[in-house]
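The values are calculated or read from the model by the stated rules, or taken from the named source; none is laboratory data. Predicted, not measured: the structure shown is a model, and the values here were computed from it. Please note: Cβ atoms are built from the backbone with ideal geometry, for glycine as well, and neighbour counts cover all protein chains shown. Please note that ligands, DNA and RNA were not included when accessible areas were found on the heavy atoms of the full protein model with its side chains. Shrake-Rupley method; radii C 1.70, N 1.55, O 1.52, S 1.80 Å.
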Amino acid sequence: MTHPHRTISDRGVRARFLLAAAVWTVLVAAVLVAVPLAFAGRLPDPLAGHWGPSGRPDRSMPSSALALAALVWVVVVGVCLVGMARVRGEIRRAARTWYAAGLGWLGGFLIGTQAVTVAANLDRDDWTRAASLNWQFAAVVAGAFALGALGWLAGRLGPDDAPREEGPPGPLIDIDPRKRPVWVSTATAPWAVALGVVAFAVALSFAVAALWGLVPAGWATALPLALAGVIGLAVSSVSVRIASEGLTMAFGPLRWPSRTVGLDRIERAWMERRSPLQVGGWGIRGLPGMATIMIRGGECLVVRYTSGGQLAISVDDAETGAALLNALAARKAA
């Protein structure tokens, strides 16, 4: 929905943002390709690609891996930009800031990592003779966060979000006072389920390899992957139950954690269509009092609290759930 007070120049923010993001993507890719080519004759092959706690190189990689980072960057960012361009409507400030910050951080991290890798390997006849690296990694991370902060500020340029509408009058249905009606609905993100399963599978592989002594450092990889699997499955689905005690939300395949909002805290509810682009991505977006649980784009059950805050949850058949919630809240208030 376009706010009636928007101007033509305001609507041009979308085009300028996408153009700036595309230019930054091309610039980073050009640097990632040009630097290895410029120093190709002065780098060993393979070259040092990993440094241990002592600061000395302990693993090698083919020199072509330096340019591979450009391909990964272009594919990942390109897919995101194409997806943003295909979604109609304005790119709200919250989404612009997060995307711009992510582009700045990731681009800075890739360029910084490549720079210190090239510098450490420059004019060395063998990767084992590469220079030691210690504080340089901290500098790379700090530089990436600095570019991420600049991206955040750049994403905030332009008009603020259109004021959120108060929402349509909440639908109502007639319910038999002698019965206890219950409405249950869920939404699932297949990509999050796949992410969790794959992360667990890879973590298990590394754990088994570590137990057999094939990969001594396997536990250091298995534990973060297992944690990523837990997070992926936790945000893979949401279940909403509406009954006489109120609205209950539960997350993940185990339906934990869960939270219940009593009917006395609910003013009204309605159905609204939202996309991940509008709210800044997937997962729990926004701040308490104005949050969206975005599992998949489309129908969302929007609940307004008596305190004035709102919560939106992406679930199927949200209009029926809103109607029952309004009827139960009205019956309790009476």
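Key figures
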{"quantity": "Number of the exception - P168 against (1) in contact with a Phe, Trp or Tyr (Cβ under 8 Å, 6 or more places away or on another chain); (2) open to solvent by 50 Å² or more (accessible area, probe 1.4 Å); (3) at pLDDT 85 or above", "calculated": "(3)"}
{"quantity": "Residue check, G286 assigned to a loop (DSSP other than H, G, I, E, B) and not charged (D, E, K, R)", "calculated": "no"}
{"quantity": "Residues located in the range 254-280, provided they are outside any strand (DSSP E or B) and surrounded by fewer than 14 Cβ atoms within 10 Å (Cβ to Cβ)", "calculated": "L254, W256, P257, G262, D264"}
{"quantity": "Only listed residue being within 22 Å of the chain's Cα centre (by Cα) and not β-branched (V, I, T), chosen from A48, A21, A40, A30", "calculated": "A21"}
{"quantity": "Verdict on T117 being under 26 Å from the mean Cα position of the chain (by Cα) and touching a residue at least 24 places away in the same chain (Cβ under 8 Å)", "calculated": "no"}
{"quantity": "Any hit, the range 65-87, residues being charged (D, E, K, R) and farther than 30 Å from R273 by Cα", "calculated": "no"}
{"quantity": "Residue list for the range 37-70, filter: hydrophobic (A, V, I, L, M, F, W, C) and free of Cβ contacts under 8 Å to residues at least 60 places away in the same chain", "calculated": "L37, A38, A40, M61, A65, L66, A67, L68, A69, A70"}
{"quantity": "Filter pass, A222 being open to solvent by less than 10 Å² (accessible area, probe 1.4 Å) and free of Cβ contacts under 8 Å to residues at least 24 places away in the same chain", "calculated": "yes"}
{"quantity": "Cβ pairs under 7 Å, 6+ apart, first in the range 190-207 and over 10 Å from V230 (Cα atoms), second open to solvent by 80 Å² or more (accessible area, probe 1.4 Å)", "calculated": "A207/W219"}
